[in-house]
1. Please work out if Ala3 is modelled with pLDDT under 95, of a type outside the set (Ser, Thr, Tyr) and buried (at least 17 other Cβ atoms within 10 Å of the Cβ).
2. Kindly establish whether Ile70 is among the β-branched types (Val, Ile, Thr), open to solvent by less than 20 Å² (accessible area, probe 1.4 Å) and within 21 Å of Gly4 (Cβ to Cβ).
3. Is it the case, given these coordinates, that Arg77 is at pLDDT 95 or above and surrounded by fewer than 16 Cβ atoms within 10 Å (Cβ to Cβ)?
4. Exactly one condition in (1) part of a loop (DSSP other than H, G, I, E, B); (2) within 23 Å of Val96 (Cβ to Cβ) is false for Trp82; which is it?
5. Could you grab the pairs with beta carbons closer than 9 Å, sequence gap of 6+ or different chains, first residue in the stretch 1-27 and under 22 Å from Leu78 (Cα atoms), second one polar (S, T, N, Q) and open to solvent by 40 Å² or more (accessible area, probe 1.4 Å)?
6. Filtering the stretch 28-54 down to residues that are basic (Lys, Arg) and within 18 Å of Arg75 (Cβ to Cβ), which residue is surrounded by the most Cβ atoms within 10 Å (Cβ to Cβ)?
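The values are calculated or read from the model by the stated rules, or taken from the named source; none is laboratory data. Since we're looking at a predicted model, the values are computed, not measured. Using ideal geometry, Cβ is built from the backbone for each residue, glycine included, and neighbour counts are taken over all protein chains shown. Heavy atoms of the whole protein, side chains included, go into the accessibility calculation; ligands, DNA and RNA do not. Shrake-Rupley method; radii C 1.70, N 1.55, O 1.52, S 1.80 Å.
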Amino acid sequence: PSAGVAMFVALASLMMDRPVRSDRAMSGEISLRGLVLPVGGIKEKVLAALRAGIDTVLLPARNRKELEEIPDDARRRLTFVWIDTVDDAVREAIGVSADP
């Protein structure tokens, strides 16, 4: 489930023939209506993104309270984008809207 947003963005990228930005990491489950739902392991996922050289992480807005679990140094080095819908994710990862 945590890969729902990433899989949706990958499919949207393929259908739009536009690449996903390489400086973005993302996590989140999605509902059938396109809402981004919270996931577990935020601290571990964020630290892994930082180790991989990522500077922007897209995370479910409902996981915002877990930001305090992330070490201060990592928080300073990363930009967090809090997403509510898959359209938010596509806009941030590809640069266009997923709406027709």
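1. no
2. Against the criterion (among the β-branched types (Val, Ile, Thr), open to solvent by less than 20 Å² (accessible area, probe 1.4 Å) and within 21 Å of Gly4 (Cβ to Cβ)), Ile70 does not qualify.
3. So Arg77 passes the test.
4. (1)
5. Taking only residues 6 or more apart or on different chains, the pairs are Ser27/Ser2.
6. Going through the qualifying residues, I end up with Lys45.
The rows are residues; the columns are (1) assigned to a helix (DSSP H, G or I); (2) under 14 Å from the mean Cα position of the chain (by Cα); (3) within 17 Å of Gly95 (Cα to Cα).
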site	(1), (2), (3)
Ser2	no, yes, no
Pro19	no, no, yes
Leu32	no, no, no
Lys45	yes, yes, no
Leu59	no, yes, yes
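Residues are listed down the side, and each one gets a yes or a no for (1) under 24 Å from Leu67 (Cβ atoms); (2) of a type in the set (Gly, Ala, Ser); (3) in contact with a helix residue (DSSP H, G or I) (Cβ under 9 Å, 6 or more places away or on another chain):
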| residue | (1), (2), (3) |
| --- | --- |
| Ala6 | yes, yes, yes |
| Val9 | yes, no, yes |
| Ala12 | no, yes, yes |
| Arg18 | no, no, yes |
| Arg21 | yes, no, yes |
| Ala25 | yes, yes, yes |
| Glu29 | yes, no, yes |
| Val39 | yes, no, yes |
| Ile42 | yes, no, yes |
